[in-house]
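Undergrad: One structure follows; several queries about it will come next.
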Amino acid sequence: MADNTPKKLRNQMMYQVFVRNFSEEGTFKKVEEDLDRIKALGTDIVWLMPIHPIGKAQRKGTLGSPYAISDYRAVNPEFGTLEDFKSLTDAIHSKDMKCIIDVVYNHTSPDSVLSREHPEWFYHKSDGSFGNRVGDWSDIIDLDYSNKELWRYQIDTLKYWAQWVDGFRCDVAPLIPIAFWEQARAEVEQVRENSVWLSESVEPNFIMYLRSRGMVAHSDCEIYRAFDLSYDYDCYEEFKAYLYGKGSLQAYVDALSRQEYIYPDNYVKLRFLENHDQTRARFFIPDINVLKSMTAFMFFQKGMALVYNGQEKAVSHLPSLFDKDTVLWDGKETVDLSGYIAKLAQIKRDDIFTDSVYKVSAFGERALTASHEKNGKKAVGVFPLDNKTGFIPVDLADGVYINLIDDSSVEVFRGGIMCRGEAVVLIKDF
């Protein structure tokens, strides 16, 4: 684990912004105009998906993927100017939030600045042409990190952006040598102290597939040597299997529980229900009460919570990565969960969520229960996954408690509560 990773990151919330589809204009300025609302959600860190120009060669869709970058040292003119970007980061900082940007260092677009100026820094196929080693990524070509000159260029680029941003979300970071990330972290720290490093760690099956092809593919345990946070993909397959009716709730709980003993003591997971790569939570959890309960569980877990733009309105449509596809902020389906999320973010700031003994349990297929305990203080959460009223055991002494989500009274009697389909979070000092 990065030695200086603070456990306080577990008390925070990150908000992900896809600039192109955040507004009809798709500009930095429109994001800046909405910062008060973003802050009111409880946001600590604003993550901007790639801000750089997009390649034109082999482009997917009409506008191309923001992850097919043509120039790491410029901003996408569709979003605005460099001055517009600086204005946005200044405004984020003025509202006591941090800003991180996406860096996509495994690959570039085929017509990138680096492919023209330094073709020797790329992976080449047997015929000498550029290529990539993951077949469906047809709009990119892979970089080759056996070239130490590439390391210098990429790290200097990070130091350049660190003039304005507070850290980086690193796309498919496990495909790049850990030693590179360790050196990058150390050098960026000289420009921006206490930078936040988020790794898009990858699913176990993808790691195995890449390794079978002789590629670098680091596990989460390795990733934590250089990064503060990693994705929750190590248990995402179990989560999806439960939601799709193909797996048990207990299997998901078992995957979550493993994290407590296979990772370092100060591990921080980025907890999410959705992101730009995954199905919207509302799509596969159409019931609003269940969606709210799962959102509450996401915040209750040990780790940082992620909200993807539009999630606070329970949007079910996932914006395209390749075309103009603005978030449906006020569609017929939308339900405003902003106040609910803000309340959960407020609860998460309690110090019990910073450092605790964390346990998760399944109550059949009906509910998740979880607890944080440390130094005579305990937080207990009950998260029903249906709308049925019923008794659910909790590990608290009998008595009347306050549900911190809605300030209602909750009675614990004979070792359990009568759950009415809504999430419950109780905190008790002993």
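The values are calculated or read from the model by the stated rules, or taken from the named source; none is laboratory data. What you see is a predicted model, and the numbers here were worked out from it, not measured in a lab. Cβ atoms come from the backbone with ideal geometry, glycine included; neighbour counts cover every protein chain shown. Ligands, DNA and RNA are stripped out before the accessible areas are found, and what is left, the full protein with its side chains, is counted by its heavy atoms. Shrake-Rupley method; radii C 1.70, N 1.55, O 1.52, S 1.80 Å.
Undergrad: Given Ser230, Ser257, which one is modelled with pLDDT of 95 or more, in a helix (DSSP H, G or I) and small (Gly, Ala, Ser)?
TA: None of the other options fit; the residue is Ser257.
Undergrad: In the list Asp386, Asp350, Asp355, Asp323, which residue meets the criterion of being closer than 29 Å to Gln16 by Cα, out of contact with any strand residue (DSSP E or B) (no Cβ under 9 Å at 6 or more places or on another chain) and not hydroxyl-bearing (Ser, Thr, Tyr)?
TA: Asp323
Undergrad: Can you tell me which of Lys332, Lys313 is surrounded by fewer than 20 Cβ atoms within 10 Å (Cβ to Cβ), without any contact (Cβ under 8 Å) to a residue 60 or more places away in the chain and in contact with an Asp or Glu (Cβ under 8 Å, 6 or more places away or on another chain)?
TA: From the options Lys332, Lys313, the qualifying one is Lys313.
Undergrad: Just to verify a result, which residue in the range 316-325, among those that are open to solvent by 20 Å² or more (accessible area, probe 1.4 Å) and not hydrophobic (A, V, I, L, M, F, W, C), is nearest to Ile285 (Cα to Cα)?
TA: Among residues in the range 316-325 that are open to solvent by 20 Å² or more (accessible area, probe 1.4 Å) and not hydrophobic (A, V, I, L, M, F, W, C), the one nearest to Ile285 (Cα to Cα) is Ser316.
Undergrad: Quick check on the range 305-336: of everything there that is in a loop (DSSP other than H, G, I, E, B) and in contact with a Leu (Cβ under 8 Å, 6 or more places away or on another chain), which residue is nearest to Thr27 (Cα to Cα)? Explain how you work it out, then say what you get.
TA: Of all residues in the range 305-336, those in a loop (DSSP other than H, G, I, E, B) come to 309-310, 314-336.
With in contact with a Leu (Cβ under 8 Å, 6 or more places away or on another chain) added as a condition, the list becomes 310, 314-315, 317, 322-324, 334.
Details: Gly310: 16, Ala314: 23, Val315: 21, His317: 21, Phe322: 16, Asp323: 15, Lys324: 12, Thr334: 23 Å.
Filtering first and then ranking leaves Lys324.
Undergrad: Within the range 23-33, which residues are in contact with a Ser or Thr (Cβ under 8 Å, 6 or more places away or on another chain) and either open to solvent by less than 30 Å² (accessible area, probe 1.4 Å) or within 16 Å of Lys86 (Cα to Cα) (or both)?
TA: Ser23, Gly26, Phe28, Lys29, Lys30, Val31, Glu32
Undergrad: Being within 20 Å of Thr295 (Cβ to Cβ), of a type in the set (Ser, Thr, Tyr) and touching a residue at least 60 places away in the same chain (Cβ under 8 Å) narrows it down to one of Ser371, Ser338, so name that one.
TA: On inspection, the qualifying residue turns out to be Ser338.
Undergrad: Being open to solvent by less than 10 Å² (accessible area, probe 1.4 Å) and under 19 Å from the mean Cα position of the chain (by Cα) is the filter here, so list the residues in the range 43-64 that pass it.
TA: The initial filter retains those residues of the range 43-64 that are open to solvent by less than 10 Å² (accessible area, probe 1.4 Å), namely 43, 45-52, 55, 64.
Selection gives Thr43, Ile45, Val46, Trp47, Leu48, Met49, Pro50, Ile51.
Undergrad: Against the condition without any contact (Cβ under 8 Å) to a residue 40 or more places away in the chain, among the aliphatic types (A, V, I, L, M) and out of contact with any Gly (no Cβ under 7 Å at 6 or more places or on another chain), how does Ala226 come out, does it pass?
TA: No.
Undergrad: What number of residues within the range 379-419 are open to solvent by 90 Å² or more (accessible area, probe 1.4 Å), acidic (Asp, Glu) and in a loop (DSSP other than H, G, I, E, B)?
TA: 2
Undergrad: Filter the range 342-377 down to residues that are within 19 Å of Leu306 (Cα to Cα) and either at pLDDT below 95 or among the polar types (S, T, N, Q) (or both) and give me whichever is least open to solvent (accessible area, probe 1.4 Å).
TA: Per the criteria, the residue is Thr354.
Undergrad: Considering only the range 73-114, how many residues are open to solvent by 10 Å² or more (accessible area, probe 1.4 Å) and either among the hydroxyl-bearing types (Ser, Thr, Tyr) or assigned to a helix (DSSP H, G or I) (or both)?
TA: Looking only at that region, the number is 11.
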